[in-house]
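Here's the structure, in structure tokens; my notes come after.
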């Protein structure tokens, strides 16, 4: 039995030159997916009120989401209404005295939430000792 060690030549295929290009494209895709800014979800879908102001929000410290049916989410976790004030005071206890002076809250409330309910939440926040309150809105069309 004789073994032939000769190499078999494949015919040149035009698709062979595309494989490195495809590899580079997929590597770039993976890079941009990983490097892109990923933001946590709010916990509930909320359609904010419209605004004509173009002012930017201060850096967020505590994000409060309020749905149309009065469900509360603090930093993505659902909180019962009865425990809202306690959660705010617990948050303030974790801050240093300098941070307490600059403590800020960003409220993202549904545009259909009644004004009376919204005023109640703002009053609770002010009573807890947080002076900087921002309301997140969306640009009017």
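We did not get these values from a lab; they are worked out from the coordinates using the rules stated. A quick note: this is a predicted structure, and the numbers were derived from the prediction, not measured. Cβ sites come from the backbone with ideal geometry, for glycine too, and all protein chains shown count toward neighbours.
Run through all the Cα pairs of the range 89-140 and give the fraction in each 10 Å bin from 0, expressed as whole percent.
22, 48, 24, 6
Just to be sure I understand the model, the point goes 7 Å from the Cα along the line to the Cβ. What's the resulting residue 34 to residue 92 distance in nm?
So the label points at residue 34 and residue 92 sit 4.3 nm apart.
Between residue 24 and residue 126, what length comes free when the chain is fully extended (0.36 nm per residue of separation minus the Cα-Cα distance, one decimal in nm)?
Length difference between fully extended and current span is 31.4 nm.
May I ask you to compute the full-extension gain from residue 117 to residue 101, defined as 0.36 nm times their residue separation minus their alpha-carbon distance, rounded to one decimal in nm?
This chain segment gains 3.2 nm when fully extended.
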